[in-house]
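J.: Structure incoming, see below.
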Amino acid sequence: MQPSGTCDPASRGVPYNLEVLSVGNGQVTVEVRYGWDGVSTFATGCDGPLVNGTGTGNVWAIRVTNNDSISWWVHTIGRRGQAHNIQFTPGSVTTYTKNQASNNGYDSISDFDELTLTTSPTT
């Protein structure tokens, strides 16, 4: 969660919140950009819709970077109950816009509550 006591990124002078999960000594990183739903609190867990960055090459809501020499799998269950096991090959950087994520059942940061990263296609 965010390091301060507010979920509103604008109150901290930033365009979005950023949740980062990194494993394998930093070799694999999942970054999720999101806003604020206007009601959640830092104490109860910030929630908010996915948001894209702006500018050339920066328009993504989710980015998965695999700097390892082996494949890693991201395992999630979206809000709509869709289980996903997605492979990310060595040396890959994969991005998803908020629309691409929404089309696959991911609309907010809470949809990533059960995100795990493994070196196996099954959890």
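Here is a yes/no grid of residues against (1) among the aromatic types (Phe, Trp, Tyr); (2) surrounded by fewer than 12 Cβ atoms within 10 Å (Cβ to Cβ); (3) in contact with a Phe, Trp or Tyr (Cβ under 8 Å, 6 or more places away or on another chain); (4) touching a residue at least 40 places away in the same chain (Cβ under 8 Å):
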site	(1), (2), (3), (4)
Ser11	no, yes, no, no
Trp36	yes, no, no, no
Asp68	no, no, no, yes
Ala83	no, yes, no, no
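J.: If I ask for residues that are crowded, with 17+ Cβ neighbours inside 10 Å and either hydrophobic (A, V, I, L, M, F, W, C) or under 15 Å from the mean Cα position of the chain (by Cα) (or both), which ones from segment 38-48 would you list?
T.: Matches in segment 38-48: Cys46, Asp47, Gly48.
Yes/no per residue for (1) closer than 18 Å to Asp111 by Cβ; (2) among the hydrophobic types (A, V, I, L, M, F, W, C):
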{"position": "Ser11", "(1), (2)": "no, no"}
{"position": "Val14", "(1), (2)": "no, yes"}
{"position": "Val39", "(1), (2)": "yes, yes"}
{"position": "Phe42", "(1), (2)": "no, yes"}
{"position": "Gly57", "(1), (2)": "no, no"}
{"position": "Ile62", "(1), (2)": "yes, yes"}
{"position": "Asn66", "(1), (2)": "no, no"}
{"position": "Ser71", "(1), (2)": "no, no"}
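J.: Considering segment 110-119 alone, what residues qualify as being closer than 13 Å to Ala61 by Cα and assigned to a strand (DSSP E or B)?
T.: Selection gives nothing.
J.: Out of the residues in segment 63-109 that are assigned to a strand (DSSP E or B) and touching a Pro at 6+ places or on another chain (Cβ under 8 Å), which is farthest from Thr122 (Cα to Cα)?
T.: Checked segment 63-109; the qualifying residue farthest from Thr122 (Cα to Cα) is Ser108.
J.: Sticking with this structure for a sec: Given Gly26, Gly35, which one is closer than 17 Å to Thr97 by Cα and either at pLDDT 95 or above or not hydrophobic (A, V, I, L, M, F, W, C) (or both)?
T.: Gly35
J.: Check off (1) more than 18 Å from Gly26 (Cβ to Cβ); (2) in contact (Cβ under 8 Å) with a residue 12 or more places away in the chain for Val64 and give me the number that stays unchecked.
T.: (1)
J.: Against the conditions (1) touching a residue at least 40 places away in the same chain (Cβ under 8 Å); (2) closer than 15 Å to Leu115 by Cβ; (3) surrounded by 15 or more Cβ atoms within 10 Å (Cβ to Cβ), where does Val51 fall short? Just the number, please.
T.: Every listed condition holds for Val51 apart from (2).
J.: Still on this structure, I have one more. Is it true that Trp60 is surrounded by 18 or more Cβ atoms within 10 Å (Cβ to Cβ), modelled with pLDDT of 90 or more, at negative phi and assigned to a loop (DSSP other than H, G, I, E, B)?
T.: Considered against the rule, which asks whether it is surrounded by 18 or more Cβ atoms within 10 Å (Cβ to Cβ), modelled with pLDDT of 90 or more, at negative phi and assigned to a loop (DSSP other than H, G, I, E, B), Trp60 comes out as yes.
The values are calculated or read from the model by the stated rules, or taken from the named source; none is laboratory data. Everything numeric here is computed off the predicted structure, so don't read it as measured data. When we count neighbours, we look across all protein chains shown, and the Cβ atoms used for this are built from the backbone with ideal geometry, even at glycine.
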